[in-house]
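The values are calculated or read from the model by the stated rules, or taken from the named source; none is laboratory data. For clarity, every value in this text was computed on a predicted model and none was experimentally measured. Positions of Cβ are generated from backbone atoms using ideal geometry, with glycine treated the same way; all protein chains shown enter the neighbour counts. The protein model used for the area step is the full one, side chains on, heavy atoms only, and it has no ligands, DNA or RNA in it. Shrake-Rupley method; radii C 1.70, N 1.55, O 1.52, S 1.80 Å.
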Amino acid sequence: MKKPRAAVERRCRKQASSQAGRENHALSSSQAKPSAPDGLAKPQEEVVLQASVSPYHLFRDAAEVTVFRERLLSWYDQEKRDLPWRRRAKGEVDLDRRAYAVWVSEVMLQQTQVATVINYYTRWMQKWPTLQDLARASLEEVNQLWAGLGYYSRGRRLQEGARKVVEELGGHVPRTAETLQRLLPGVGRYTAGAIASIAFGQATGVVDGNVVRVLCRVRAIGADASSTLVSQQLWSLAQELVDPARPGDFNQAAMELGATVCTPQRPLCSQCPVQSLCRAHQRVEREQLLTSQSLPGSLDVEECAPNTGQCQLCAPPTEPWDQTLGVANFPRKASRRPPREECSAICVLEQPWALGDARILLVQRPNSGLLAGLWEFPSVTVVPSGQCQRKALLQELQSWAGPLPASRLQHLGQVVHTFSHIKLTYQVYGLALEGQTPVTTPSGARWLTREEFHTAAVSTAMKKVFRVYEGQQPGTCKSSRRSQVSIPASRKRPSPGQQTLDSFFRPHIPTDASKLNIAAQ
């Protein structure tokens, strides 16, 4: 006989409340206390956190934690991907080299897809196999190898850390998560925990974007995962779950599960080794049964039942359950500020060269801030649709190269490139000097051949700009990639058999934000 929905929900809450006593004991005795993101004790916040957490969002006891560990590690042993940093770390007996191999991979994987990182990691370790090798490298070399990987401050801080280890720490990487985070520039809580657990076997949990997703679903945490309270609870859960016998493997297993099975969209729940322990999956089944009004009387169903008020780990009442999302209702997507919009006029200045190949002018960015130390075409910030951008750009060009023929400065199109916090529209110009006397090379600038440009320390945005320029030059070989570009109709030169712009370019695939705690550019 079908049971009314209200009666079912009352029974569910009663079941959850009856378990509160023993689960509260588990909270006080077996669960690690959450610590502040910076590793500093915040006892008042911890008291508030424990008082506000319903037992529904915790693990019942040590036995349930043990089952979770065993199932996850068994799955990982069979299904883990064969990745170069895992092979290198496993086969390296020298602890400092092992830590370095893990450190490089973890920094590269921040905000970047595994498939993209593999090639960069392999080339990096071939060029700088040890911390000492990296410490001796120049920032120019680091930027050059990092070019195209994005978030360029990561490479700079990685080298700064290597130099500190070599010059101040006797060549030895700190052995604990706390000292790694305290002593090494650019190493945050996540990276420190990953190095300490994987390289040194410290039983410390880690929380990245993949782990956030797994834990929020396993314990049905629907509140904003970026909030302080939820973040502390996730770190507490990660510390409680980490296997003391295999901490590095466990942390990698949790991240692997989030990357390959418990994915943001279309998760593969049937392949999940901890499905039976997943509160989100149980919630999906409950909602389906309530909808069909065919809930068996013997089914043991739980839901969150806080003693007073709204549970601070549940989704707010303003965000009801979406039946179409299933377990993807967790975690709640935090509202993000749209990137601020800026506009820049930029010019590819090319001149003939006495030795043959023409050269293009690049200037170096400041050593701090966005894209620090990278090379770019001369540019100037302008107001969108401004009438003076051409004049301002010409003045900027002449400050680098001296007098130039203004009549040859041609607008070619535009490129839109989004950084983490800036949506930048480049108005692309070109100026080709034919038969001109080569101009001088001022400090902070250099003239490169086209071939040299493609291997220089330049950003992806500059490569997009250069493809627009190449597409407008007679006799040049068009690139086979596509970008967000727009070329005025007046600049297009149709000819018999000419391909469309879409055939010149292919999609630029942006990196995926798969890691948290990334340092700002």
Exercise. So for the pair Lys391, Glu167, with labels modelled 7 Å out along Cα→Cβ, what separation do we get in nm?
Worked result: 4.7 nm
Seminar exercise, completed: Distance in nm between Thr440 and Gln271 label points, each 7 Å along Cα→Cβ, equals 6.3 nm
Problem set entry | Inter-probe distance in nm under a simple model that places probes 7 Å from Cα toward Cβ, at Ala245 and Ala334 | 3.6 nm
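How would segment 334-464 be classified by its alpha-carbon gyration tensor: rounded, prolate or oblate, with rounded meaning a/c under 1.5 and the a/b versus b/c comparison settling the rest?
Prolate is the answer for segment 334-464, as a/c is 1.5 or above and a/b outweighs b/c.
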Problem set entry | Separation of alpha-carbon centers, segment 87-162 and segment 410-470, rounded to whole Å | 27 Å
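Using 0.36 nm per residue, how much length does the chain from Ser420 to Glu92 gain when fully extended, once their Cα-Cα distance is taken away?
Extra length available between Ser420 and Glu92 comes to 114.6 nm.
Hey, with R₀ at 45 Å, roughly what FRET efficiency would Arg60 and Arg123 work out to, going by the Cβ-Cβ distance, to 0.05?
Taking R0 as 45 Å, the efficiency between Arg60 and Arg123 is 0.40.
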Seminar exercise, completed: Length gained, Thr324-Glu341, 0.36 nm per residue minus C-alpha separation, equals 2.7 nm
Exercise. Normalised by the residues of segment 131-233, what does the relative contact order come to in percent, with Cα pairs under 8 Å and at least six apart?
Worked result: 17 percent
Exercise. Which aspartates and glutamates does Lys127 reach when only Cα atoms under 15 Å apart count, and residues fewer than 8 places away in its own chain are ignored?
Worked result: Glu140, Glu141
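Fully extended, how many nm does the chain gain between Ala358 and Ser74 (0.36 nm per residue separation, minus their Cα-Cα distance)?
So the extension gain works out to 96.3 nm.
Provide the FRET efficiency to the nearest 0.05 for the Ser292-Thr260 pair, computing r from the beta carbons and using R0 = 51 Å. Walk me through the intermediate numbers first.
Working: r = 31 Å, r/R0 = 0.62.
Efficiency, rounded to the nearest 0.05: 0.95.
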Exercise. Among 242-252, 276-286, how do they line up from the highest to the lowest mean number of other beta-carbon atoms within 10 Å?
Worked result: 242-252, 276-286
For this session: Highest first, please rank the peptides 343-349, 123-129, 160-166, 452-458 by the mean number of other Cβ atoms sitting within 10 Å of their residues.
Result: 343-349, 160-166, 452-458, 123-129
For this session: Quote the FRET efficiency, to the nearest 0.05, computed for Ser407 versus Glu452 with a Förster distance R0 of 41 Å and r equal to the Cβ-Cβ distance.
Result: 0.90
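Under the rule a/c < 1.5 gives rounded, and otherwise a/b versus b/c splits prolate from oblate, where does segment 118-197 land using the Cα gyration tensor? Intermediate values should be presented prior to the final figure.
Numbers: a/c = 1.82, a/b = 1.42, b/c = 1.28.
Here segment 118-197 falls in the prolate category.
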Exercise. How do 402-415, 188-201 rank on mean C-beta neighbours within 10 Å, highest first?
Worked result: 188-201, 402-415
For this session: With a 1.4 Å probe and every protein chain left in place, work out the accessible area per residue of segment 95-136 in Å², rounded to a whole number.
Result: 36 Å²
